[in-house]
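**Q** Shown below is the structure under consideration.
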Amino acid sequence: METRHLRLIKAIVEEGSIVRAMTRLHLSQSALSYQLKEAELQLGAPVFYRRNKKLILTPIGKKMYATANHVLKEIDAAEAEIKKMMNGENGTVRISTECYTSYHWLPAVLKKFKDVFPNVDIEIVFEATHRPIEKLLEGELDLAITSNPEQIDKVEFIQLFSDEMLAVVSAQHPWAHKPYVEAADFADVSLIIHSMPLDTVSIFRTQLTPKGIEPKKLIVLPLTEASIELVKANMGVIVMANWALQPYMRDNIRAVRINPEGFFRQQYIARIRAREYPVFFDYFIKFLREEIKINDLTNEVVK
């Protein structure tokens, strides 16, 4: 069981209601319910009785609540001591990603990071977006986020997370009610992408180019909001990660799986293998993973 499960149980008991626990933990109702179900599945037994819309601790739940109080007290004390040590760290993290939509998660990550490392600056190098690995090797970046790990001896690729890529279409589009589409279907549509060259675009690199498929029309538009407006007007199709798409889901657009099994993209953090990185780099990666995990819990596949 993870510490987030212990914090969840503790919050529900101490706040006395799901709504107040949601506020305390900054979780949506669906995310809270998911985590509680996950905790009970790992334990193999219920933590709460559900009676008259109230949650009452089971005997196992009482044991877990007592454990949460003890364990979290120790963890919080240790983290407080570590935070004091970290406040003395200073430096800069220069980072870029190969996809503009990946900057969606940055504000939450930066806030959490700055709370722990107030003297470390985060510099987003937007001009390196299209070629982050090249800029990393040239010394213009400290970290690069990419979905295209290359066989480069000098670079270490650390797995971050896997996200599902979905085809986003208008509710009036022929694909709108399909369970899934395949690479060949893209030959008949206007495909919107954020940038060139095509070998940096995941749908081309892994799905279309290897099969010799070209869309009927290619629209290059770097602004996500403008791309979504074109989709809503039934003027094109765009492929986006599920978590990046979530803020734009409205009645007039639909998300369709690519391939029967789905099309998943693995994201990596790239850094120079031989370089010794200060401890705050490891914490930046840790906070990034945590932020994406929260998004994964609250954003299920949109249909």
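**Q** Give me the pairs, please: first residue somewhere in segment 116-132 and under 21 Å from Tyr283 (Cβ atoms) and in the same structural domain as Asp199 (by TED's automatic domain parsing), second residue anywhere and at pLDDT below 85 and assigned to a strand (DSSP E or B), beta-carbon distance under 8 Å, and either six or more positions apart or on two chains.
**A** Close Cβ pairs (under 8 Å, with a partner that is at pLDDT below 85 and assigned to a strand (DSSP E or B)) amount to Pro132/Thr97.
**Q** Moving to a separate point now. Can you report the number of residues in segment 17-46 which are in contact with a Lys or Arg (Cβ under 9 Å, 6 or more places away or on another chain) and not in a helix (DSSP H, G or I)?
**A** 1
**Q** Just to be sure I understand the filter: pairs with C-beta atoms under 7 Å, separated by 6 or more residues or on different chains, first member in segment 198-210 and within 16 Å of Ala167 (Cα to Cα), second member crowded, with 20+ Cβ neighbours inside 10 Å and at pLDDT below 90. Which pairs pass?
**A** Ser202/Ser147
**Q** Here are Ile285, Ile253, Ile258, Ile238: which of them is touching a Phe, Trp or Tyr at 6+ places or on another chain (Cβ under 9 Å), among the aliphatic types (A, V, I, L, M) and in contact (Cβ under 8 Å) with a residue 12 or more places away in the chain?
**A** Numbers: Ile285 fails: touching a Phe, Trp or Tyr at 6+ places or on another chain (Cβ under 9 Å); Ile253 fails: touching a Phe, Trp or Tyr at 6+ places or on another chain (Cβ under 9 Å); Ile238 fails: touching a Phe, Trp or Tyr at 6+ places or on another chain (Cβ under 9 Å).
Only one candidate qualifies: Ile258.
**Q** Can you run down the residue pairs with Cβ atoms below 6 Å, 6 or more apart or on separate chains, where the first is in segment 148-165 and modelled with pLDDT of 90 or more and the partner is part of a loop (DSSP other than H, G, I, E, B) and surrounded by fewer than 18 Cβ atoms within 10 Å (Cβ to Cβ)?
**A** From segment 148-165, the pairs are Lys154/Arg273; Glu156/Arg273; Phe157/Pro149; Glu164/Gly262.
**Q** For segment 169-216, how many residues meet the condition of being basic (Lys, Arg), surrounded by 13 or more Cβ atoms within 10 Å (Cβ to Cβ) and not in a helix (DSSP H, G or I)?
**A** 1
**Q** Considering only segment 226-233, I want to know if a residue exists there that is of a type outside the set (S, T, N, Q) and either farther than 26 Å from Pro107 by Cβ or part of a strand (DSSP E or B) (or both).
**A** Taking segment 226-233 as the starting set, the residues that turn out to be of a type outside the set (S, T, N, Q) are 226, 228-233.
In the following step, the residues that additionally are either farther than 26 Å from Pro107 by Cβ or part of a strand (DSSP E or B) (or both) were identified as 233.
Scanning segment 226-233 turns up at least one residue that is of a type outside the set (S, T, N, Q) and either farther than 26 Å from Pro107 by Cβ or part of a strand (DSSP E or B) (or both).
**Q** Now, a different point. Name the residue, out of Asp142, Asp163, that is crowded, with 18+ Cβ neighbours inside 10 Å, among the charged types (D, E, K, R), within 20 Å of Pro278 (Cα to Cα) and touching a Phe, Trp or Tyr at 6+ places or on another chain (Cβ under 9 Å).
**A** After applying the criteria, what remains is Asp142.
**Q** Does Lys293 satisfy the criteria of being at pLDDT below 90, more than 23 Å from Thr200 (Cβ to Cβ) and part of a loop (DSSP other than H, G, I, E, B)? It would help to see each step written out before you state the result.
**A** On the way: at pLDDT below 90: yes; more than 23 Å from Thr200 (Cβ to Cβ): yes; part of a loop (DSSP other than H, G, I, E, B): no.
Judged against the criteria, Lys293 is not a match.
**Q** Here's another thing I want to ask about it. Name the single residue that is farthest from the chain's Cα centre (by Cα) among those in segment 3-51 being more than 20 Å from Leu72 (Cβ to Cβ) and of a type in the set (A, V, I, L, M, F, W, C).
**A** In this case the residue turns out to be Ala45.
**Q** I've got another one for you. Checking Leu141 against (1) in a loop (DSSP other than H, G, I, E, B); (2) of a type outside the set (Asp, Glu); (3) touching a residue at least 60 places away in the same chain (Cβ under 8 Å); (4) touching a strand residue (DSSP E or B) at 6+ places or on another chain (Cβ under 6 Å): exactly one of these is not met. Which one?
**A** Unmet condition: (3).
**Q** Next up: Of all the residues that make up segment 12-46, how many are among the basic types (Lys, Arg) and farther than 18 Å from Met1 by Cα? Spell out how you get there, then give the answer.
**A** Our first condition is that a residue be among the basic types (Lys, Arg); within segment 12-46, this holds for 20, 24, 37.
So of that shortlist, the ones also farther than 18 Å from Met1 by Cα come out as 20, 24.
Count: 2.
The values are calculated or read from the model by the stated rules, or taken from the named source; none is laboratory data. Values in this document were obtained by computation on a predicted structure and should not be read as measured data. For neighbour counting, all protein chains shown are included, and Cβ atoms are generated from backbone atoms with ideal geometry for every residue, glycine included.
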